[in-house]
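Down below is the structure, laid out as structure tokens.
The values are calculated or read from the model by the stated rules, or taken from the named source; none is laboratory data. The shown structure was predicted, so the numbers you read here are calculated from the model rather than taken from an experiment. Here the Cβ is made from the backbone with ideal geometry for all residues, glycine too, and neighbour counts use every protein chain on show.
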Amino acid sequence: MRHVSRRAMLAGAALTAGLCRPAIAQGAPLKVGMMLPFSGTYAALGENIAAGFELLIAENDGKLGGRAVTLIRLDDESDPAKAPANVNRLTERDNVDVLLGTVHSGVVMALVQAAREKEIPLFIPNAGNVAATRDLCSPHVFRSSFSNWQPAYGMGRALAARGVKKAAWVTWDYAAGKESGEGFRDGLRDGGAEMTHLLTVPFPETNFQPVLAQISGLGVEAVGSFFAGGGAIQFVKDYAASGLRATIPLCGSGFLTEGVLKPQGAAAEGIQTALHYGDGLDNAKNVAFRTAFKAKTTRDADVYAVQGYDAGQMLAAGLTATKGDAAAAMAFAAAIRAARIDSPRGAFTLSASHNPIQTIWLREARDGQNKVIGIAAKDLADPGTGCKMAGA
Ligand code: PHB
């Protein structure tokens, strides 16, 4: 009888029963399932995240942390109803080693659930859903972007510092809009001001007339807003066309004017926003990154490109420490937690629940750029305290 080791038998049994994913084949490329919107209102955001991630891989000869990488792209359409089936395709049919995604705060929850249940590392390159790094934090979930609370908190602080006492928040009716509104409210409150109204439009609708018609009657001195992508283009144009800007300035989380200044045109001129990135940030990494991104894509880099690139840098830190084994979960996570990510936004580290601690810049849209004009909140951490991470 041939000798079969107990380990091999156990592994075979577990595989047959579908209980575990096969161990990394020696030398096989790491499979990254890239689930992003490549259609719909957030399509341009998904494209820039993917291009940023791919740029880092190209700069490292097709590898991250010394291991070759293959990408599997999936268009999630920013549709929460399709998210569980889409994630399942990546984890069960394509057997990916790592998940990268996504933009939309509702859609990301299916990815977070899979990462937690199947113990597959997940890198979130945008979606700010606070639960991902608060109540649902996990050793397997890492965010290279922001929590929805962070940029809006910075905007609230900046408005209050300028003497605004009452402001409203206008947004889409889903997690990102609601949670950024909470950040705005907290920022205003901490500066001695008040968020008096929250007005919403269903996602991804762009009929803003019903909310715009209410604004002049609210008695507010400013309107803050979360919209992004195609919706942000329309909202900024409609706000300008309504004539409200002369009396009630528009501001927001920086996504309002990020990557969309060209189509917004004159309607965006002078709008102030707060974000963890801005044009003209004067550090060597940013200058090199913007040049390389433009050369690769012919587009200008934006925050989404940065977040994709940095998700790659975080993954590379984990792979370097584990010699390419993303399934060595505890060593992989420990290395990413200890890493200082040399980002085009400025270097950052992660909080205990794996969300970036980062400076929120105050920017003003001028001549087609979101120019940094000050600091809205320095080294800002998401305030979540609910994270009790086993093994962290
Ligand atoms: C989100 O849904 O979390 C989201 C979407 C687009 C952004 C920012 C946040 O630009």
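Restricting attention to segment 301-330, the residues that are closer than 22 Å to T257 by Cβ and either more than 16 Å from the ligand (Cβ to nearest atom) or assigned to a helix (DSSP H, G or I) (or both) total 8.
For segment 74-90, the criterion of being on the phi > 0 side of the Ramachandran plot, within 16 Å of the ligand (Cβ to nearest atom) and crowded, with 18+ Cβ neighbours inside 10 Å is met by at least one residue.
For segment 100-120, filtered to residues that are more than 15 Å from the ligand (Cβ to nearest atom) and part of a loop (DSSP other than H, G, I, E, B), the residue that is nearest to P204 (Cα to Cα) is I120. Residue-level check: of (1) in contact with a Phe, Trp or Tyr (Cβ under 8 Å, 6 or more places away or on another chain); (2) under 21 Å from I248 (Cβ atoms), G192 misses just (1). Counting only strands (runs of 3 or more DSSP E) that fall entirely inside segment 121-187 and contain at least 3 residues that are more than 12 Å from the ligand (Cβ to nearest atom), the qualifying elements are 166-172. When segment 352-383 is filtered for residues that are more than 22 Å from F255 (Cα to Cα) and surrounded by 18 or more Cβ atoms within 10 Å (Cβ to Cβ), only S353 remains. When the test is whether a residue is of a type in the set (A, V, I, L, M) and in contact with a helix residue (DSSP H, G or I) (Cβ under 6 Å, 6 or more places away or on another chain), L99 passes it.
Residue pairs whose Cβ atoms lie under 6 Å apart, sitting 6 or more positions apart in sequence or on different chains, and linking a residue in segment 31-43 that is free of Cβ contacts under 8 Å to residues at least 60 places away in the same chain to a partner that is outside any loop (DSSP other than H, G, I, E, B), are F38/G46; F38/D75; S39/D75. Among the residues making up segment 188-207, those that are among the polar types (S, T, N, Q) and in a loop (DSSP other than H, G, I, E, B) are T206, N207. With respect to the conditions (1) within 23 Å of Y277 (Cα to Cα); (2) at pLDDT below 95, Q26 falls short on a single one, namely (1). Any residue at all in segment 329-343 that's touching a residue at least 60 places away in the same chain (Cβ under 8 Å) and either among the acidic types (D, E) or more than 26 Å from C387 (Cα to Cα) (or both)? Looking for residues that are touching a residue at least 60 places away in the same chain (Cβ under 8 Å) and either among the acidic types (D, E) or more than 26 Å from C387 (Cα to Cα) (or both), one finds none in segment 329-343, hence no.
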